[in-house]
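The structure under discussion appears below in the form of structure tokens.
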Amino acid sequence: MDPLLLDRDAELGELGRRIAAARSGSGRVIVVEGPAGIGKSTLLAATARAARADGTIVLWARCSPLEQDAAWGMARQLFEPLRIRPEWGELTVGAAGLADRALAPEGGAPAPAGDAMHAAARGLVWLVSNLAERSPSVLVIDDVHWGDAPSLRWLALLAHSLEELRAGVLCAVRVGEPVAAPELLAELLASAPEPPVRPRALGPVATETLVRERMPAASGGFTRACHAVTAGNPFLLGALLTELIADDVVPDDDAGAQLGTFGSEQVARVIERQLARLPDGPALARAVAVLGATPPRSPGWSSTKPPTRPTRSAPQVFSTTRPSWRWRTR
Ligand SMILES: Nc1ncnc2c1ncn2[C@@H]1O[C@H](COP(=O)(O)OP(=O)(O)OP(=O)(O)O)[C@@H](O)[C@H]1O
Ligand SMILES: [Mg+2]
């Protein structure tokens with residue numbers, strides 16, 4: 001089943017329009033940009049589904065900080081599913097055959113530098129051109145800021161040839177993330193003819209829907225508090241709800257009023273990493289305020305279910321495991 005996608009009509013419409021233009025021969029780079037957890041990957045996936053349904057060939061890669069030093073890792077992810085298909089031989093005729101220097105593991109060490117790398121990149125450009133001649137195609141690259149340098153160089157090169165092709169390069173980039181190859185990434189992003197699509201924060205109604213999906217008894221005050229403390233960031237909202245459900249919190253107005261004390265060591269750590277990258281970290285930090293060393297406030301949480309473990313108040317959960325950092329509510 002497709003994941004729930006709320007408050008994204010405008011973004012999907014805009015991306016659909018750009019993909020349609022690329023499909024019809026006005027190829028382009030399309031950028032989705034936003035802070036951690038705002039819903040970039042989810043938006044990419046929905047756009048890719050719609051494109052596939054329209055008969056577009058969609059190739060997908062997701063870059064990772066663990067793989068950004070692996071030369072051609074992104075390109076290999078993109079083309080792997082095609083390499084095992086019977087038409088691969090036709091796609092790699094002529095100059096496109098040079099792409100194998102980047103893609104073929106059996107071809108010895110992949111071409112990492114200098115002329116060999118340039119030839120491989122040229123081959124990959126021809127490969128995309130051959131592919132787009134057969135069928136409109138979109139290369140989707142999630143977390144492109146973690147792309148390996150040779151692949152980014154190839155994409156920047158490809159961007160210059162896209163205009164005449166029935167092909168799009170749809171990439172998601174997280175703002176504020178340290179980048180290994182900033183110049184190559186900047187060159188790629190600058191080649192997009194239109195400004196990035198920026199997924200918006202979820203509104204109060206969408207937040208309420210997501211809260212009630214997981215906590216059907218949630219009160220109005222509780223859902224409004226969830227919206228306020230997460231600033232409509234769907235990742236933070238999910239993390240918050242997971243924690244509250246694990247702690248058997250009754251989702252009433254009192255609990256909403258206490259959301260500033262939400263947290264768990266595990267979720268707090270995840271969110272701490274995310275917060276470090278978010279532009280409005282301090283505001284979002286109210287969602288993960290951890291009491292810890294200070295005397296716990298009156299817990300206020302009450303349980304709807306029979307306790308399966310010793311009853312804990314949210315503050316008590318952290319009194320022994322509190323991370324060294326601490327956020328204060330305003
Ligand atoms: N429009 C939406 N409606 C409902 N849930 C959403 C929406 N967008 C994202 N989510 C949920 O929020 C969470 C984070 O989304 P996603 O992974 O797409 O964010 P992201 O911006 O790609 O994060 P990151 O910067 O870590 O890559 C996921 O669990 C996803 O299902
Ligand atoms: Mg993502």
- ARG214 surrounded by fewer than 19 Cβ atoms within 10 Å (Cβ to Cβ), in contact with a Leu (Cβ under 6 Å, 6 or more places away or on another chain) and outside the structural domain of GLY89 (by TED's automatic domain parsing): yes
- Look at the range 175-208 and say how many of its residues are modelled with pLDDT under 95 and within 16 Å of ligand 1 (Cβ to nearest atom). 5
- Item | The listed residue being free of Cβ contacts under 8 Å to residues at least 60 places away in the same chain and among the β-branched types (Val, Ile, Thr), out of ILE38, ILE84 | ILE84
- Query: Among (1) touching a strand residue (DSSP E or B) at 6+ places or on another chain (Cβ under 8 Å); (2) surrounded by 15 or more Cβ atoms within 10 Å (Cβ to Cβ); (3) closer than 26 Å to GLY123 by Cα, which single condition is ARG52 missing?
  - Reply: (2)
- Message: So for the range 125-145 (the condition being farther than 27 Å from GLY16 by Cβ and away from ligand 2 (no atom under 16 Å from the Cβ)), does at least one residue qualify?
- Response: yes
- Item | Matching residues, the range 146-166, being within 16 Å of ligand 2 (Cβ to nearest atom) and of a type in the set (A, V, I, L, M, F, W, C) | TRP146
- Would you please list the contacts, defined by Cβ atoms under 6 Å and residues six or more apart or on different chains, that run from a residue in the range 18-35 that is within 17 Å of VAL144 (Cβ to Cβ) to a residue that is within 16 Å of ligand 2 (Cβ to nearest atom) and of a type in the set (Lys, Arg)? VAL32/LYS40; GLU33/ARG198; GLY34/LYS40; GLY34/ARG198
- Query: So which residues in the range 109-146 are within 16 Å of ligand 1 (Cβ to nearest atom) and within 22 Å of LEU91 (Cβ to Cβ)?
  - Reply: VAL140, ILE141
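The values are calculated or read from the model by the stated rules, or taken from the named source; none is laboratory data. This is a predicted model, so every value here is computed, not measured. Methodologically, a virtual Cβ is constructed for each residue, glycine included, from the backbone with ideal geometry; neighbour enumeration extends over all protein chains shown.
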